[in-house]
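One structure is given below, encoded as structure tokens.
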Amino acid sequence: MTGSDSVTDTLLLRWVEQWPCALAVWSRFVQLHEPVWCFTEEEETAAELTGSFAMIRLVDHSIVISLRKVAEQGLEQFAKEILAHEIGHHVYCPADLTDNARMLARMRVGLPTKEHLAPFISNLYSDLLINDRLQRSASLNMSGVYLQIGSECHERLWTLYMRIYELLWKLERHALAKGEIDGRLNQDAQLGARLVRSYAKDWLRGSGRFAALCLPYLLEDEAARMQKLLAIWSDCRCAGQGAIPDGLTEIDDGELTEAIHPAEDPELSGVAASEASAQDISANSIAKANQTGIKTAKTYRQPIDYAEVLKAVGVNIDPADVTARYYRERALPHLIPFPVRKLPVATDPLPEGLDVWDVGTPLEQIDWIGTLLNSPHIVPGVTTRERQFGTSPGNDPESIPVDLYLGVDCSGSMGNPAHHLSFPILAGAIIALSALRVGSRVKVVLSGEPGKTISTTGFERDVATVLKTLTSYLGTGTSFGIHRLAETFVTTKPVSGRAMPRPVHMLIVSDNDMFSMLDSQSKRRSGWEVAREALLVAGGGGTFVLELPEYTRSTKWGQDTTRYVERIQSMGWTVLPVSSMDELVEFARQFSRNQFGDR
């Protein structure tokens, strides 16, 4: 054993001994597994630890410590302080993936034009909260850690940050802060110290305020040198990688309104209530009167904002998957019972004997027991046997799920669902997920004709495939191409009845441009003929959901629309007009109840 190995083993033993003590600082009931100890650069790279001597992972509740870097920084004697600090990220701030994402979302609001720095500011904020609690309540020497690492950085944001610590812990001026401390910076530091103490038990509300406090300093130079210096303390930079938190499509109460500068917060600024303006008093009175316990209507992020929050968290996945997840989360509260068909009697398979298994049939159909009983020598196609089955009628009715063909207009008039909420896509997600959860299969077809189309390969059961296809975007043409139905349902021969293995309901979401598609010709077939034959082949009915604004229905154009609708309905299709696309969500909720029943 070399001298270096001996020193490392001694350091490891000392830090392992401090681990239970660090857990007890927070509570004797805290249970976290021992940290991942790194001794070499290769081990640090494998653990994704870069820059800092410590980091946390919220996905698996892990702490990673580089004892090599601890020794380089001369922090050997601060085992309890550093371990307790990392534990604090797991049990206090940010504690879990969802709260970490919610904090970043609030900070992005408080950092206009500097939203990309939200992860950097969130690390500063959470460290302030944890270190102040450990220094005051647990009597740990957190100030000693900063003094040991030290920094001669004179950037104003770093000076502000260190000055806040000096005020919190009653240290001499310039004990930690080495830059110039003018009147404005000192006042901001006092507000920051008050913020840390006042919102210690409600740190999520204080996060947007802290971001607003830092914004003026970030506007000066983005604190580029400070970010490099603080890399040694960036223990939360990768905390959210590896998982996507739920619940981020909804905007928290106060998220958009509470990211104010602490000077504008009466609880922090010290402005007496009597000095507030009459307008502020009136606003406070109204706010208190509205605190009735009744939850207000939910507000949601746009898909592009949702993607930016996930990016800040550290989620690194295909943007198409992010969009699909957004619409899935938005659709889940609205899922409905998708229809099934009832048959009079259910049947069970009834074994009826053995027959020769031919080499052209699937291998899994071989009955191996029957084959071995016939002959101990297996000769494919000669001695192999397969079981024949009949049916045995039961006493209960059988349910057959109705498959779904979902055709959505993806023309230029429809917005990109990855940027802004698309109600047709949200309605489609509600209905598709409702169908999949009862065993139905779904085929999604996006069409912008004349132009392009995209669809699933066939009728799918995979949720990810269905949603990823549904949330794609074309932006071509003017309407859904009704002739696309021929690719799935219509043959070149006359159709006399349903030819699908299971009944399929066709749901087409478009607008009044659909009428011109019905009049158009493709491969010597009109849209009317394709729609009629597809309805016969599908066997599960068909529904057109068309955006037909109410104000146009009394016009000449509205009268023409009525004739088109009557002709579509005469073929057996259902036409459901909506005045605006946002009505589609309510339609999706009522779809099953209105269109299907026992038959």
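Here are a few things to note about the model shown:
- Using the Cβ-Cβ distance between Val379 and Ile304 with R0 set to 56 Å, the FRET efficiency from 1/(1 + (r/R0)^6) comes to roughly 0.30.
- Calculated SAXS-style log₁₀ I(q)/I(0) at q = 0.16 Å⁻¹ - segment 399-595, Debye, Cα scatterers: -1.02
- Summing charges over neighbours of Thr98, with a neighbour being any other residue whose Cβ is under 12 Å away from its Cβ, gives -4 when K and R count +1 and D and E count -1.
- Label-point separation in nm, Glu586 to His419, each point 7 Å along Cα→Cβ: 2.9
- Beyond 30 Å in Cα-Cα separation lie the following of the pairs Lys69/Lys178; Lys80/Lys170; Lys201/Lys468; Lys114/Lys170; Lys298/Lys452: Lys201/Lys468; Lys114/Lys170; Lys298/Lys452.
- For Ser479, the residues whose amide H sits under 5 Å from its own are Glu449, ignoring neighbours fewer than 5 places away on the same chain, with H placed 1.01 Å from N.
- Peptides ranked, highest mean first, by Cβ atoms within 10 Å: ranges 47-55, 537-545: 537-545, 47-55
- Per-residue Karplus couplings for segment 430-440, computed as 6.51 cos²θ - 1.76 cosθ + 1.60 with θ equal to phi - 60°, are listed in order as 4, 6, 5, 5, 5, 5, 5, 6, 9, x, 6 Hz, Gly and Pro entered as x.
- All distinct Cα pairs of segment 1-129 go into the 1/r average, and the inverse of that average, the Kirkwood radius, is 15.9 Å.
- For segment 481-487, 3J(HN,Hα) per residue [Karplus equation, 6.51 cos²θ - 1.76 cosθ + 1.60, θ = phi - 60°, Hz, x = Gly/Pro]: x, 4, 5, 5, 4, 5, 5
- FRET efficiency for the Glu76 to Ala464 pair, using the beta carbon distance and R₀ = 41 Å, is estimated at 0.25.
- For Thr457 and Lys170, the FRET efficiency from 1/(1 + (r/R0)^6), where r spans their Cβ atoms and R0 equals 56 Å, is about 0.25.
- Length gained on full extension, Lys178 to Cys21, computed as 0.36 nm times the residue gap minus the Cα-Cα distance: 53.2 nm.
- Zone residues, segment 317-335, relative to Leu256, backbone N less than 18 Å from point 7 Å out along Cα-to-Cβ: 330
Any read-out appearing in this document is the output of simple, stated calculations on the displayed coordinates, not a laboratory observation. These numbers come from a predicted model, not from an experiment. Every residue, glycine as well, gets a Cβ built from its backbone with ideal geometry; the counts of neighbours run over all protein chains shown.
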